[in-house]
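In what follows, a single structure is set out as structure tokens and then discussed.
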Amino acid sequence: MNRRLRNGLNHRQLQAFMAVIEAGSVTAAADLLHVTQPAVTRLVKELERAVDMPLFERVKGRLVTTREASLFYEAVKRSFLGLDKLLQTAEDIRELRMGTLRIAAMPALALGCLPRVIRRLSRRFPEAKVSLQIRSSEKIMDWVSSQQFDLGFAAIQTPHPAVIQEVLLEASLVAVLPPGHALSSRSQLSVQDFAGEAFVSVGTEVGLRQKIDAVFTAAGVDRHLTIDTQLSAAVCGLVLEGAGVALVEPITAADYRDRGLVVRPFHPRIPFSYSVLFPKLVPRSRLARDFLDLVRDELAAGPRASLAHL
């Protein structure tokens, strides 16, 4: 590199100057820099002209640094340390050893799938900082569109002009039952099977509630609506405790199946999609791209594989 500074000063001259002082001679400096001895001598003389002061004196055949050279060396050393730090920082950013990833996610993903992915990311890039905020899909869309987050995970169909939306997983709602429930012997359940059953539902302001209610209304099936709550995890927890039966999105159901929750396919199909959102006007960082790759791997190995057997 031969970047010119003021008065003809350049980076190579400063390297030669530091090498002579640290190595103790022009010959040793030449070996250190893998150049010839005349090349080092020329660079040092050019530096002396550029700074307009003597840096070395010959005393009985030995090169001795002047007082000015000692002071100048400390200043150059500090500058080089700063450059080295900048280069190290650039390498850290390039290799993803540092950086911040801001994630907003719906509870269905934030309470199970994403913590596992974040753990994998942190093991791979221990210096990376991750922020995970949990909100509704509608709020996540607002946050991502205003560039407050690098990526969001939501179940939302309405497009936004400032957001890029990609579907991660398309699935259907599944039926969940308490362990030992009379319906658990069936391989799949229909809307008629829930007639008269105590039913735990998502809250009335959640768009999914309207889809579920519409299916039962169309079939003329009455449920015993006992409890409603906002989170799929809470629905699964209530069902696991025997509060009733329910229909929920499949990723949360898959997480609770290991705890004993009975999960069955449900007909008619009620579609449900999980999407990733990116701010359209902000380039995706390598950290965000790598994180999304890990999310796809997690979904392929976990919920997607589990759902294939339903």
Quiz item: Can you list residues whose amide H is under 5 Å from Ile227's amide H, if they're 5+ apart or on another chain and H is modeled 1.01 Å from N?
Solution: Phe199, Ser201
Quiz item: Highest GNM mean-square fluctuation, the chain, Cα pairs closer than 10 Å: which of Leu277, Leu63, Leu261?
Solution: Leu63
Quiz prompt | Estimated [θ] at 222 nm from DSSP helical runs (n ≥ 4, -39500 (n - 2.57)) normalised by residues in the chain, nearest 500 | solution = -14000 deg cm²/dmol
Quiz item: When we measure straight from the Cα of Lys129, which lysines land under 20 angstrom away, once same-chain ones fewer than 8 places off are left out?
Solution: Lys85
Practice problem: Report the extension gain between Ser146 and Gln230 in nm, rounded to one decimal, defined as 0.36 nm multiplied by the number of residues separating them, less their alpha carbon distance. | Solution: 27.7 nm
Quiz item: Going by how many other Cβ atoms sit within 10 Å of their own, how do Phe80, Phe216, Phe199 line up, fewest first?
Solution: Phe80, Phe216, Phe199
Quiz item: Hey, what do the phi angles of the stretch 257-263 turn into as Karplus ³J(HN,Hα) couplings, whole Hz, using 6.51/-1.76/1.60 and θ = phi - 60°, x for Gly and Pro?
Solution: 4, 5, 8, x, 5, 8, 10
Quiz item: Which ³J(HN,Hα) values, rounded to whole Hz and listed in residue order, are derived for the stretch 168-173 from phi using the Karplus coefficients 6.51, -1.76 and 1.60 in 6.51 cos²θ - 1.76 cosθ + 1.60 with θ = phi - 60°, glycine and proline given as x?
Solution: 8, 8, 9, 8, 10, 5
Quiz item: Per-residue HN-Hα couplings for the stretch 195-200, Karplus 6.51 cos²θ - 1.76 cosθ + 1.60 at θ = phi - 60°, whole Hz, x for Gly and Pro?
Solution: 4, x, 7, 5, 10, 9
Quiz item: Between His11 and Arg289, what FRET efficiency follows from the Cβ-Cβ distance if R0 is 22 Å, with the result rounded to 0.05?
Solution: 0.05
Quiz item: Considering amide H positions built from the backbone, and no H for Pro or chain starts, which residues 5 or more places from Gln133, or on another chain, come under 5 Å of its amide H?
Solution: Ile103, Ala104, Ala105
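Each reported figure results from applying straightforward, stated rules to the coordinates on display, with no laboratory input. Fair warning: this is a prediction, and the values are worked out from it, not measured in the lab. Positions of Cβ are backbone-derived with ideal geometry, glycine not excepted, and every protein chain shown enters the neighbour counts.
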